[in-house]
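Trainee: Let me give you the structure first, and then I'll get to my questions.
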Amino acid sequence: MPIDDLQQAAQKIAGFLNSLNKLGGMRLKYRISASDGTQEGEGVAPRQISVELAGPDVPLVIQHNGELLRALETLAAQMLHLDHHEHDMVSFDAANFKALRAEELRLAAEAAAEKVRQTGAPYSFPPMNSRERRMLHLVCRSLQGVETASVGEGSSRFLVVYPEG
């Protein structure tokens, strides 16, 4: 179910982050903003709550491909009792990590597609989370001469780029 009371949801997230700072010894500042849930673009889910993190511990949050950043998003979505397919309604970012990662994935998808078109051999990306695989699928969909498929199970799931047909 969508987030009914955005202000109450933002307060829950603020309380969680305050506890993380106090009890977890983190040094993070945050800015929480709420939107009306309108679409941000084609294929992008509405993000009703956005949290921008700053402060001395941002490098810790974004290291290992943003693993802690995604974990904070997951915890916030669980606190708000969102179904798994609604987790995109809460978005955390720090130091513009997500935009930079999206650009990195776009460039990787274009390079992989070019390699597949030149060699005719499939290209396999390393295992990655579902959001990043989805980004790669969307980029490759706009490229000519290739198609994609996700392969594997759970945390070992990865994307393969194939020659079209």
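Trainee: Go ahead and estimate [θ] at 222 nm for the chain from helices alone: -39,500 (n - 2.57) per DSSP H run with n ≥ 4, summed, over the residue count, rounded to 500.
Mentor: -15500 deg cm²/dmol
Trainee: OK, next. Summarise the long-distance tail of P(r) for segment 77-165 by giving the % of C-alpha pairs beyond 20 Å.
Mentor: The proportion of pairs with Cα distances above 20 Å equals 42 percent.
Trainee: Kindly report the accessible area of the chain per residue (heavy atoms of protein chains, probe 1.4 Å, no ligands, DNA or RNA), in Å².
Mentor: 58
Trainee: Within the chain, what's the longest run with no GluC sites (Glu not before Pro) in a DSSP loop and at most 15 other beta-carbon atoms within 10 Å? Give the range, please.
Mentor: It works out to 43-152.
Trainee: I'd like to know how the chain sits against the 2.2 N^0.38 Å rule of thumb: what's its Cα Rg over that expected value?
Mentor: My calculation over the Cα atoms of the chain gives 1.16.
Trainee: Okay, moving on. With charges only on Cβ, +1 for K and R and -1 for D and E, what is the dipole size of the chain about its Cα centre, in debye, rounded to 20?
Mentor: Its charge dipole is roughly 440 debye.
Trainee: Show me, for segment 70-81, the HN-Hα J-couplings you get by feeding each phi into the Karplus relation (A = 6.51, B = -1.76, C = 1.60, θ = phi - 60°), rounded to Hz, glycine and proline as x.
Mentor: Result, ordered by residue: 5, 5, 4, 4, 4, 4, 5, 5, 5, 4, 8, 6 Hz.
Trainee: With a cut-off of 20 Å, note down the residues of segment 132-154 whose backbone N falls inside the zone around a label point 7 Å from the Cα of Ala108 toward its beta carbon.
Mentor: Answer for segment 132-154: 132-144, 146-154.
Trainee: Find out how many positive minus negative residues lie around Ala95, taking Lys and Arg as positive, Asp and Glu as negative, among other residues whose Cβ is under 15 Å from that of Ala95.
Mentor: 0
Trainee: For the chain, which whole percent of the accessible surface, found with a 1.4 angstrom probe, sits on carbon and sulfur atoms?
Mentor: 53
Trainee: With each label point set 7 Å from Cα along the Cα-Cβ vector, what nm distance links Phe158 and Met79?
Mentor: So the label points at Phe158 and Met79 sit 3.5 nm apart.
Trainee: Let me ask something additional. Using a Förster distance of 25 angstrom, determine the FRET efficiency expected from the C-beta separation of Thr119 and Gln144, and round it to 0.05.
Mentor: Efficiency for this residue pair is about 0.95.
Trainee: Ok, one more. What is the local net charge at Pro122, summed over the other residues whose Cβ is closer than 13 Å to its Cβ (Lys, Arg +1; Asp, Glu -1)?
Mentor: Summing Lys/Arg as +1 and Asp/Glu as -1 gives 0.
Trainee: Near the amide H of Val146, under 5 Å away, which other amide H atoms are found, from residues 5 or more places off or on another chain, if H is placed in the peptide plane?
Mentor: Counting only residues 5 or more places away or on other chains, the set is Glu164.
Trainee: If you add up the charges near Leu82, with Lys and Arg at +1 and Asp and Glu at -1, over every other residue whose beta carbon is less than 11 angstrom from its beta carbon, what do you get?
Mentor: Residues close to Leu82 contribute a combined charge of -4.
Trainee: Taking the 0 to 90 degree range and rounding to the nearest ten, how far is the long axis of helix 130-141 tilted relative to the main principal axis of the chain, both from C-alpha atoms?
Mentor: For helix 130-141, the angle is close to 40 degrees.
The values are calculated or read from the model by the stated rules, or taken from the named source; none is laboratory data. As the structure is a prediction and not an experimental result, all values here were calculated from the model. In this analysis, Cβ positions are derived from the backbone assuming ideal geometry, glycine residues included, and neighbour counts consider all displayed protein chains. Note: areas computed on protein heavy atoms with side chains; ligands, DNA, RNA excluded. Shrake-Rupley method; radii C 1.70, N 1.55, O 1.52, S 1.80 Å.
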